[in-house]
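Here the structure is laid out as structure tokens; the discussion comes afterwards.
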Amino acid sequence: MGRILTPLLAAVVLVTIAPGLRAADDEPKVIVVKAVKAHGGEESLAKHQAAQVRNKGKLTLAGVGEVDFTQEVAYMLPDKFKDILELTIGGQKVNVVTLVNGDKISIEANGKAVEANDQIKAALKDAQYMLKVARLVTLVRDKGYELASVGETKVGDNPAVGVRVSSKGQKDINLYFDRQTGLLAKVELRTAEPGTGNEVNEERIITEYRKNKDGIPVPKKVVVKHDGKPFIDAEVLEMTFLEKLDDSEFKK
């Protein structure tokens, strides 16, 4: 049970891209720069390095089937993360708590310690990097990222344009933006599958949005697929972006 640990939702910044962008070979960079500006600029995005998120939904587990879950997530970039996941399996409640504070990782399932093996560490590393990339501003401010066009595709029934993000020592991540609205429609990467440790192609598809108190679109419903098969169907109950969280949030 301790391997059901990877964060279920990426806390993504959803931004509007100016329509009709066509900048030849530089198009991926132009898309990201315009996205950051449309969302309020680098300064506004950069100061919100933390978030708190509440989710609920259904999770499909190998050998178990579909189970209900609730989840509370808190993170502070670049290396602090907390995940409280409650599952109902066969009528029994299972509570998994994951804490990451720098190099320190603590995992408990129903109060019992779970070893953070190499597969779990790799999955958590992938998730933390995804959170950082999905904030977008790091792609503008920080060196070491390469952006490339993934081309046109469809996410659901909607046309989308893709940007591949590459960085030394990290797996590539594809970001797909809805062509009409400019909102982030899908995040795609290779990662370890909870429960088996096998590497899978993960797609996190944002199917519906709502606006937060500041009028910024944030995910409302998200579907996660592994190798094209259903894994998570989640509703985001609350998502709050913050400048910082106290370090005690990420300790036992």
(message) Name the single residue that is surrounded by the most Cβ atoms within 10 Å (Cβ to Cβ) among those in the range 87-118 being under 19 Å from the mean Cα position of the chain (by Cα) and under 21 Å from LEU61 (Cα atoms).
(response) THR98
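If I go through the range 206-227 residue by residue, how many of them are outside any strand (DSSP E or B) and either acidic (Asp, Glu) or under 21 Å from LYS58 (Cβ atoms) (or both)?
Here the count works out to 2.
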(request) For the range 115-124, indicate whether the set of residues that are small (Gly, Ala, Ser), within 23 Å of VAL32 (Cα to Cα) and part of a loop (DSSP other than H, G, I, E, B) is non-empty. (result) no
(request) Starting from residues that are in contact with a Gly (Cβ under 9 Å, 6 or more places away or on another chain) and under 15 Å from GLY228 (Cβ atoms), keep the ones in the range 183-212 and report whichever is surrounded by the fewest Cβ atoms within 10 Å (Cβ to Cβ). (result) ASN201
(request) Test each condition in (1) surrounded by 15 or more Cβ atoms within 10 Å (Cβ to Cβ); (2) in a strand (DSSP E or B) for LEU245 and report the one that comes out false. (result) (2)
(request) Could you list all residues from the range 66-82 that are within 22 Å of PHE250 (Cβ to Cβ), out of contact with any helix residue (DSSP H, G or I) (no Cβ under 9 Å at 6 or more places or on another chain) and not β-branched (Val, Ile, Thr)? (result) PHE69, GLN71, GLU72
(message) For the range 72-107, give me each residue that is under 24 Å from LYS47 (Cβ atoms), without any contact (Cβ under 8 Å) to a residue 60 or more places away in the chain and outside any loop (DSSP other than H, G, I, E, B).
(response) GLU72
(request) Could you list all residues from the range 59-71 that are aliphatic (A, V, I, L, M) and either closer than 24 Å to PHE241 by Cα or in a strand (DSSP E or B) (or both)? (result) LEU59, LEU61, VAL67
(request) Being touching a Ser or Thr at 6+ places or on another chain (Cβ under 6 Å) and not in a helix (DSSP H, G or I) narrows it down to one of ALA160, ALA234, so name that one. (result) ALA160
(request) Restrict the check to the range 137-152 and report whether at least one residue is part of a strand (DSSP E or B), among the aromatic types (Phe, Trp, Tyr) and farther than 14 Å from PRO219 by Cβ. (result) yes
(message) The conditions are (1) at pLDDT below 85; (2) in a loop (DSSP other than H, G, I, E, B), and LYS171 fails exactly one of them. Which is it?
(response) (1)
(message) Against the condition in contact (Cβ under 8 Å) with a residue 60 or more places away in the chain and under 15 Å from the mean Cα position of the chain (by Cα), how does LEU175 come out, does it pass?
(response) no
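Of everything in the range 191-205, what is more than 13 Å from the chain's Cα centre (by Cα), part of a strand (DSSP E or B) and among the charged types (D, E, K, R)? Give them in sequence order. Spell out the reasoning first.
Step one: list which residues in the range 191-205 are more than 13 Å from the chain's Cα centre (by Cα), which gives 192-201.
Keeping just the survivors that are part of a strand (DSSP E or B) gives 192, 199-201.
The one that is more than 13 Å from the chain's Cα centre (by Cα), part of a strand (DSSP E or B) and among the charged types (D, E, K, R): GLU199.
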(request) With the condition kept exactly as written, say whether any residue in the range 70-86 is more than 21 Å from the chain's Cα centre (by Cα), at pLDDT below 90 and either under 24 Å from VAL165 (Cβ atoms) or surrounded by fewer than 20 Cβ atoms within 10 Å (Cβ to Cβ) (or both). (result) no
(message) I'm trying to understand the selection: among the residues of the range 77-126, which are of a type in the set (A, V, I, L, M) and within 18 Å of ASN55 (Cα to Cα)?
(response) ILE84, LEU85, LEU87, ILE89, VAL94, VAL96, VAL97, LEU99
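The values are calculated or read from the model by the stated rules, or taken from the named source; none is laboratory data. Just so we're clear, the structure is a prediction, and the values are computed from it rather than from any experiment. We place every Cβ from the backbone using ideal geometry, glycine too, and count neighbours over all the protein chains shown.
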